[in-house]
Amino acid sequence: MSELQTQSSFIGVQSMAYHKAVKEALNALYHHPDDAVRVDADRWLQEFQGYLDAWQVADDLLHDPTSNLETLIFCSQTLRSKVQRYFEELPSTAFRPLRDSLNNLLRKFHKGPPKVRTQISIAVAALAVHVPAEDWGDGGIVNWLRDEMTMHPEYIPGFLELLTVLPEEVYNYKIAARPERRRQFEKELTSQMEVALNILTACLNFNELKEQVLEAFASWLRLKHGYSLSLSLSLSLSLCISDSYLLIMSIGQYSVTEWKESFVEADYDWIPGSVLASHPLVLTALSSLNSEILSEAAVNELQTQWIVISELIHYTVAGSSGGFSVQMPLIQVIVPQVMSLKAQLRDASKDEEDVKAIARLFADMGDSYVELIATGSDESMLIVHALLEVASHPEYDIASMTFNFWHSLQVNLTKRDSYISLGNESSIEAERNRRLQIFRPAYESLVSLVSFRVQYPQDFQDLSYEDLKEFKHTRYDGKVELSNIMVMNKAVADVLIDAASVLGGDSTLKILYMKLFEAVGRYQNDGQNEWRLAEAALFCIRAISNYVSIVEAEVMPQVMTLLPKLTQHPQLLQTVCLTIGAYSKWLDSAPNGPSILPSVIEILMSGMGTSEDSAAAAALAFRHICDDCRKKLCGYVEGLFHIYRIAVNGEGGFKVSAEDSLHLVEALSMVITELPIDHAKRPLEELCLPVVSPLQEIVNQGPEVINKKTARELTVHIDRFAYIFRYVCHPEAVADAIQKLWPIFKAIFDLRAWDMRTMESLCRACKYAVRTSGRYMGITIGAMLEEIQGLYKQHHQPCFLYLSSEVIKIFGSDPSCANYLKSLIETLFMQTTHLLTNIQEFTARPDIADDCFLLASRCIRYCPHLFIPSAIFPSLVDCSMIGVTVQHRHASFELSFYFTEAFWLEASNSILTFLSDIFDVANSSKGEQYLPIRNAVIIPRGLTITRILIASLTGALPSSRLEQVTYTLLALTRAYGAQAVEWANQSVSLIPSTAVTENERSRFLTALSDAASGVNINALTVPIEELSDVCRRNRTVQEIVQGALRPLELNITAPSVS
């Protein structure tokens, strides 16, 4: 019989049926041939873990000597999960029987299955998070653990695992502990660190435990890397461990006794470097780093030592460790030991994983000590040279470990804040120049070391389309790994940018040009095989384009001269086109720019006709050229239109996709913008002609034909209009164009209003026409509003709402449009509120909810005089109260397939923004005049709104919405002061005390009272976030809280609170 049964039987009557059912379900899960049976077994086991009986059943089966491994693993996981999440299910008297039972299991499995022992260790640690030290007894868990190890030394290996996981559980938010208790546990643990280190030091006497001891030491170092240890540092080693286990262990010239004496002399809130530098655990971790590896156990131990050293490095720079001056003795011990490993980076006999671990130590050292390194001392340059050695490693995964260091060093060298302590500007500039000069050779070497890594792999032609696509995002030497996207996009480019920031873009360009020049020579001799070198060099030159001076006159003209020689290979041509686009500003500023532009455009035309990839690059470059060189290109409009017509019409062999053709539309639009208005109308008509012709043809064929067209056949042309209206910045010309095009647009509106994709495209085009033309729209705006107002009644397309939002923004304050707009918003909102009458309808149409309340917020900001006094305003507030808690978990599978989670989150966010805009209306210049109307609507609903917001805060909405919910609640509190605090008081009083304590309730209400008094809301978020954490700490509590607050019910009576 288990310990739990014999001591307390704390969860009630046992059911032997559950024991049998668990074993049968596990057998089915792991061994039944039928997939359906295995799925059912898995589902039942998951449900069982939620039962109250699971406590006793799991405990019984763990103590049962006949349980097989599958049963032990499942039951240990169940018990661990129950302790973490549902400890509150148990009566207060259950703690000690549970602790003793777990302790017995820890002893039982001290040499048993590691997975089982780990789960039990985590369960004990989680129990300690829940239970205060005074209730735990024996001075807290660490002292208790010390005593257990004293009385039962044969179980030390199992207890060491518990000592390892204990500090890791401080930040394990799977544990349903209250925030205040979690803070207390952290303090308890940090205050007991001396005891923990004493235990570990004593355990060093057992050579077979050395690796386990070091793992535990690393875990304790990781405990905020020494955050507020508050050590008394009395360090009497009275661990009460029997004399046979407490031996004085000498390492080098230091013994435990000597270390203890040096520790006692200090009185710090952290462990000073002078103490750790001679600590037996530290010296053990640093020992044998360069020793010959003779066994697998030795390899594992060495890897653990490296982990400890890494944690020590992090510890020395932790915010609460006292700073470099305090930790310098430890740093001076660590750095030489790590530097002694440098030769192993080049050792071909070394295992790759070992080399990675060593490289990680160098990278950690660089990242942590970058401020010291940036001083440019002789010692720091030794570290820099070692990091260059790592950066030169042929394996990208190893070399890239240094990339963050080079960026951090660059920031330290170039930013003024690094030198602020020097005082006057002349001193700052002198020191900055001195340091930049010192590190110049290192960054020059770095440019050469990383530039080769962006070469296409030699076998790139054998790559699949997806592999090649992935390579373009994560390009590096010779590898494409779809399953392991560790390489950030353009990682090498980022390093080159860091180098350019230190060296200057022009100097970096010179280094890269020499590589390009050499590569071009090899390419001309063997273009089939050597194009990759030239492409890589161009890729790097493109990467630093923003750092090269637009007046650079030495290298860039030579680069441009070389480009026409590099157009024979498709991949090379693609990079040539992208490079041209990247240097469009230089082309505009270069004295010989006009003479270069024709050859550049010829290259881009070649790119458009070679491959889809090169065409995409050429179209993008064409856009950049037309943007930055628009003044120079005004005289070449006819030639540009020739290219545009060929690309858009799909003629002349161009391979520009419909999506990429939008770059050409944008390019010509920007050139037209540069023309005087009287010269711009004709080119605008020419720009529209290739777009309007196919649409006109479709419309002319009548309703039957247009309704059979796919959305794509229409939107490919309509999207081009959106770009034209967006980028041709001639309001009058665009207004004339939209007026002429309106009959076609209206026909598409009328005949395809059922088609969401076509309507979204058409509304987007209209939105940009309204935004660009503004009040030049004239009668067209009235016709447009009448159209969408009528169609929304039938089809409820959300894009009609966002088009209306743009109209409100532009015309909201225009008196001449007041009648149009008042009719528009009343019609749209009335239709929407009739559509969204319950949470199920909000869940079914989150897109409509999102756009509706975005429109409502626009109305508050741009036409409050039309919206707030209207009859629809109260109805929309009621509608918002219904839908504020909309989220994806209420959606059906079919809806989840159609909408992403973001749709529901954005809908909720729009509703919350709408409510906060109402509460903040007095903050606007003329908002006070609307307060009587607002108050007449909000005050009768204030208690319900508050209850819904608190429900959202405590679990009705995902925690990702916490910031927006908090702001809305505080906005309500600022607007209604003590009245809002009383609403909150009545709402939180609904929550049972089993879920929220009086202290937690009081802290929350105090924060709201402070907000009502005008305290900065940034200082009030912690108590509000803690209430959210408390109410979400496990599923049971969350269900209790939501059951009490009932956010989906608008009419419940809260108890009056005196």
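The values are calculated or read from the model by the stated rules, or taken from the named source; none is laboratory data. Since this is a predicted model, take the numbers as computed values, not measurements. Cβ placement follows ideal geometry from the backbone for every residue including glycine, while neighbour counts extend to all protein chains displayed. When the accessible area is computed, the model is the full protein with side chains, heavy atoms only, and any ligands, DNA or RNA have been set aside. Shrake-Rupley method; radii C 1.70, N 1.55, O 1.52, S 1.80 Å.
If you stretched the chain out fully between residue 421 and residue 42, how much longer would it get, using 0.36 nm times the residue separation minus the C-alpha to C-alpha distance?
On the way: separation 379, 0.36 × 379 = 136.44 nm, distance 6.30 nm.
Stretched out fully, the residue 421 to residue 42 stretch lengthens by 130.1 nm.
Where a ≥ b ≥ c are the square roots of the eigenvalues of the C-alpha gyration tensor, would you call the stretch 55-132 rounded, which needs a/c under 1.5, or, failing that, prolate if a/b is larger than b/c, or oblate? Please report the intermediate quantities before stating the final value.
Details: a/c = 1.79, a/b = 1.62, b/c = 1.11.
Prolate, since a/c reaches 1.5 and a/b exceeds b/c.
Would the stretch 105-181 count as rounded, prolate or oblate if I go by the C-alpha gyration tensor, calling it rounded below 1.5 in a/c and otherwise prolate when a/b exceeds b/c, oblate otherwise?
Working: a/c = 2.57, a/b = 1.34, b/c = 1.92.
Oblate, because a/c is 1.5 or more while a/b does not exceed b/c.
Measure out, as a whole number of angstrom, how far apart the alpha-carbon centroids of the stretch 392-427 and the stretch 833-893 sit.
Their Cα centres are 50 Å away from one another.
Pop out the carbon and sulfur fraction of the accessible area of the chain as a percent, whole number, probe 1.4 Å. Display every interim value, and only then the final one.
Values: 22530 of 43770 Å².
Looking at the chain in its full context, I get 51 percent from C and S.
How large is the helix-only mean residue ellipticity at 222 nm for the chain, computed as the sum of -39500 (n - 2.57) over DSSP H runs with n ≥ 4, divided by its residue count, in deg cm²/dmol to the nearest 500?
Values: 56 runs with 731 residues, N = 1058.
Value at 222 nm, helices only: -22000 deg cm²/dmol.
How far, in degrees from 0 to 90, does helix 505-525 lean away from the longest principal axis of the Cα atoms of the chain, to the nearest 10?
80
For P(r) over Cα pairs in 20 Å bins from 0, in percent, the listed values are (i) 10, 27, 37, 23, 3, 0; (ii) 11, 33, 35, 19, 2, 0; (iii) 11, 34, 30, 17, 6, 1, 0; which was obtained by calculation from the structure presented?
(i)
Kindly state, to the nearest 0.05, the FRET efficiency for residue 631 paired with residue 935, given R0 = 45 Å and r defined as their beta-carbon distance. Before the final figure, lay out the partial values.
On the way: r = 56 Å, r/R0 = 1.25.
The calculated FRET efficiency here is 0.20.
Rounded if a/c is under 1.5, else prolate if a/b beats b/c, else oblate: with a ≥ b ≥ c from the C-alpha gyration tensor eigenvalues square-rooted, which is the stretch 920-1058? Display every interim value, and only then the final one.
Working: a/c = 1.81, a/b = 1.50, b/c = 1.21.
Because a/c hits 1.5 or more and a/b exceeds b/c, the stretch 920-1058 counts as prolate.
Before anything else, pin down the relative contact order of the chain: Cα pairs under 8 Å, at least 6 apart, normalised by residue count, whole percent.
Values: 1401 pairs, mean separation 50.0, N = 1058.
Over the chain, the number comes to 5 percent.
Which angle between 0 and 90 degrees, to the nearest 10, do you get for helix 352-368 versus the longest principal axis of the chain when only C-alpha atoms count?
Approximately 80 degrees, to the nearest 10.
For the stretch 124-144 and the stretch 933-1010, write down the distance between their C-alpha centroids in whole Å.
If you average the Cα positions of each part, the centres end up 35 Å apart.
Report, ordered by chain and residue number, the lysines lying within cross-link reach of residue 809, taken as a straight Cα distance under 27 Å and ignoring same-chain residues fewer than 8 apart.
Output for residue 809: 681, 740, 746, 767, 793, 822, 926.
So with the 1.4 Å probe, I'd like the accessible area per residue for the chain, rounded to whole Å². Working shown, then result.
On the way: 43770 Å² over 1058 residues.
With the other protein chains kept in place, the chain gives 41 Å² per residue.
How would you order 35-45, 678-688 from highest to lowest mean count of nearby Cβ atoms within 10 Å? Provide the component values of the computation, followed by the final result.
On the way: 35-45: 13.9, 678-688: 17.1.
For the peptides 35-45, 678-688, the packing ranking is 678-688, 35-45.
Under 20 Å from the Cα of residue 115, which lysines turn up, not counting those fewer than eight places away in the same chain?
Straight-distance partners of residue 115: 23, 82, 174.
To test your reading of the geometry: what angle, between 0 and 90 degrees and rounded to tens, separates the Cα axis of helix 658-674 from the longest principal axis of the chain?
Rounded to the nearest ten degrees, it is 60.
Compute the FRET efficiency between residue 458 and residue 490 as 1/(1 + (r/R0)^6), taking r as their Cβ-Cβ distance and R0 = 30 Å, and round to the nearest 0.05. Don't jump to the answer; show the numbers that get you there.
Details: r = 22 Å, r/R0 = 0.73.
Once rounded, the FRET efficiency stands at 0.85.
May I ask for the net charge around residue 867, where only other residues with Cβ less than 14 Å from the Cβ of residue 867 are counted and Lys, Arg are +1 while Asp, Glu are -1? Numbers along the way, then the final one.
On the way: positive: 809, 822, 858, 861, 926, 934; negative: 826, 917.
So the environment of residue 867 carries a net charge of +4.
Using the Karplus curve 6.51 cos²θ - 1.76 cosθ + 1.60 with θ = phi - 60°, work out ³J(HN,Hα) for each residue of the stretch 825-833 in order, rounded to whole Hz, and write x for Gly and Pro.
My calculation for the stretch 825-833 gives 5, 5, 5, 5, 5, 5, 4, 5, 5 Hz in order.
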